[in-house]
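Have a look at the structure below before the remarks.
Since every read-out is calculated from the coordinates, none of them should be taken as a lab result. Quick caveat, the model's predicted, so the values are computed rather than measured. Neighbour counts run over all protein chains shown; Cβ positions are idealised from the backbone, glycine included.
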């Protein structure tokens, strides 16, 4: 036990969490938690001690900005570093019944060493399975007033749905017909809620939907949180070097093996190509950062476990866009250097079996998967026609996840499909 | 074994419906000092921190004692070392024990940060004499 330094401060409820309360580590009391105070600031907190004689628990509450909070959630900085760099934080003493005993200002070096969070106070990777519900939490800018510009919201919404599609593409051969539903939006600062329904189809061997659920969560977590960490490398090198990508590939192979569905021949390439597509979509989300919001958090809502609350998979800031742009440029330069950047367009139309998963009916541009035997090749697609594309087979393919046969010319880079051009 | 105290104030919840006796597993409870006391086995509810819990799962959880099963010792220590890094002064001792006959019942209640989490429901006559302590481990040196 130690005596809290006695300081007075003016705004009594500033350190207290009034909304979006979330526990990250829980024992008998919350060990690590966060939420918003009445003024919209993010308050991060931890347990310090239990005073048995006077029957109270002591907690640290520290106000952090969106960027610091994002770095903490993305495991880039430790809790100790946050406290060391904070001019001050609060010691909140609460009686066992949760009523406030006392609040005092404190600095990191007022804390006796025994109570100072350790240098390795980084969030541990999640060990428990994920759920199929996701939250997009926008903070900063207009969102703090529970409103955003419709165009910004629409773009974030569509980009997120398309990013999830990347994960679905890698399990296309399994008996699922996954659909993403949007659920009512909630304030706080501004939230969009999504639910994925896997829609398992009849198959001889049951699919472990828990494994698929975890895989989708880990896939999204990698694209949001881990991929941008590796700032110096091209996207291709980042993906080839990553132990986490190897882990995702193992997860994916296990899902196929368990269901006795042949593993796609180029499962590694399939995974990496789709990760790139999802990263592009998250990059588009980060391009919306501005007037409406300054960060976009993506949280997963674990299901079926006791005492659970949303878990942030990662926070997308405007840096995401910059890092991805650099990575993609590096990749292009690498391809040129390796002399593999030779594009070739088919001279005649051929028939392709495709599923369009992202399509702009106004411009005729989108993205699709080509199916050839057990292989799936993600490509961009361009439909050239004078007719309206609203309500066309292309939008139907996207909305109903239908495979359609089209006649198109393929643009290839080396032997790799890059685009399909459909002249309708 | 009787569980009248457990269900007092939360009826008709039945906390022990899917719980079982377990006298073979080694469990851990995090405590303040390397010496177990009766107060270390007080539930959140007994401390007066029940809050506005609505459903029976939450009520039973507050009535139970948080312990963890030592299915994988190294992994469990890793879980507690992580929470220790944030709160090194909060319950820094792992107390390893087995439950004796008639101590109460346990139910697996994994949480996101601790998949080994178990709710222990004390029977009405429980005391720390119903435990066989095997080890105290200071997380600082673990």
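Some observations on this one:
- Chain B: most fluctuating residue of B:20, B:103, B:62 per GNM, C-alpha cutoff 10 Å: B:20
- The protein assembly as shown: mean projected area of Cα convex hull, nm²: 29.2 nm²
- The ranking of B:105, A:285, A:1 by Cβ neighbour count inside 10 Å, starting from the fewest, reads A:1, B:105, A:285.
- Quotient of Cα Rg and 2.2 N^0.38 Å for the stretch A:19-115, N being how many residues it contains: 1.05
- Radius, Kirkwood style, for the stretch B:100-142 when every pair of distinct Cα atoms is counted (Å): 12.5 Å
- Chain B shape via C-alpha gyration tensor axes, a/c threshold 1.5: prolate
- Structural descriptor for chain B: relative contact order 36 percent, calculated from alpha carbon pairs under 8 angstrom and at least 6 residues apart.
- Ordering B:13, B:60 from the fewest to the most neighbouring beta carbons within 10 Å gives B:13, B:60.
- Here the sum of -39500 (n - 2.57) over DSSP H runs of 4 or more residues, divided by the residues of the protein assembly as shown, equals -8000 deg cm²/dmol at 222 nm, to the nearest 500.
- Cα gyration tensor shape of the stretch A:1-72, rounded if a/c is under 1.5, else prolate or oblate by comparing a/b with b/c: oblate
- Length-normalised contact order of chain A in % [C-alpha pairs under 8 Å, at least 6 apart]: 13 percent
- Global geometry of the stretch A:57-176, whether rounded, prolate or oblate, following the gyration tensor of its Cα atoms and the 1.5 cut on a/c: prolate
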